[in-house]
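Chemist: The structure that follows is given in the form of structure tokens.
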Ligand SMILES: [Fe+2]
Ligand SMILES: [Fe+2]
């Protein structure tokens, strides 16, 4: 599970990421292990909504910032949401495929945080 552990981050963004990860920690066991089709679908839907909100907040904050960095951020956000769309489309009985894709999503998110969000929201800007 990724955690937000980057020095010199803007405090509001740090708090936002900490809240996001707390929610993801709660949803992870439901998405990967729950036997209830309805619970899995609800958890994935909550994650989709929350991530879309989070990305929206970041993109708004970066409206006036350097254009090239903002394009990289938007492309990553788009790809990450695409992974969640694919996760929602996996047939309910295929827990193995769900676990695999969710693990890949967490890895891609950790890379995005590290390479894109942390430098962009550094207080050193
Ligand atoms: Fe972020
Ligand atoms: Fe981001």
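Chemist: Would you mind stating whether residue 80 is within 11 Å of ligand 2 (Cβ to nearest atom), surrounded by 12 or more Cβ atoms within 10 Å (Cβ to Cβ) and over 14 Å from the mean Cα position of the chain (by Cα)?
Modeler: Against the criterion (within 11 Å of ligand 2 (Cβ to nearest atom), surrounded by 12 or more Cβ atoms within 10 Å (Cβ to Cβ) and over 14 Å from the mean Cα position of the chain (by Cα)), residue 80 does not qualify.
Chemist: Only one of these conditions is not met by residue 65: (1) over 24 Å from residue 28 (Cα atoms); (2) more than 17 Å from the chain's Cα centre (by Cα); (3) in a helix (DSSP H, G or I). Which number is it?
Modeler: Among (1) over 24 Å from residue 28 (Cα atoms); (2) more than 17 Å from the chain's Cα centre (by Cα); (3) in a helix (DSSP H, G or I), the lone unmet condition for residue 65 is (3).
Chemist: Kindly check whether there is at least one residue in the stretch 47-54 that is buried (at least 17 other Cβ atoms within 10 Å of the Cβ) and within 13 Å of ligand 2 (Cβ to nearest atom).
Modeler: yes
Chemist: So, one more: Given the criteria in contact with a strand residue (DSSP E or B) (Cβ under 8 Å, 6 or more places away or on another chain) and not in a helix (DSSP H, G or I), does residue 6 qualify?
Modeler: Considered against the rule, which asks whether it is in contact with a strand residue (DSSP E or B) (Cβ under 8 Å, 6 or more places away or on another chain) and not in a helix (DSSP H, G or I), residue 6 comes out as yes.
Chemist: Of the numbered conditions (1) touching a residue at least 24 places away in the same chain (Cβ under 8 Å); (2) under 17 Å from residue 9 (Cβ atoms), residue 95 satisfies every one except a single condition; which is it?
Modeler: (2)
Chemist: Also, I was wondering about something else. It is to be established whether one or more residues within the stretch 16-25 are surrounded by fewer than 14 Cβ atoms within 10 Å (Cβ to Cβ) and in contact (Cβ under 8 Å) with a residue 24 or more places away in the chain.
Modeler: Among the residues of the stretch 16-25, at least one is surrounded by fewer than 14 Cβ atoms within 10 Å (Cβ to Cβ) and in contact (Cβ under 8 Å) with a residue 24 or more places away in the chain, which makes the answer yes.
Chemist: Of all residues in the stretch 87-107, which are at pLDDT 95 or above and touching a helix residue (DSSP H, G or I) at 6+ places or on another chain (Cβ under 6 Å)?
Modeler: 87, 88, 90, 99, 101, 102, 105
Chemist: Next up: Tell me, which residue of the stretch 102-125 that is surrounded by fewer than 14 Cβ atoms within 10 Å (Cβ to Cβ) and outside any helix (DSSP H, G or I) is nearest to ligand 2 (Cβ to nearest atom)?
Modeler: My answer is 125.
The values are calculated or read from the model by the stated rules, or taken from the named source; none is laboratory data. It should be emphasised that the depicted structure is a prediction, and the values quoted were computed from it without experimental measurement. With ideal geometry, Cβ positions are generated from the backbone for all residues, glycine too; neighbour counts draw on all protein chains shown.
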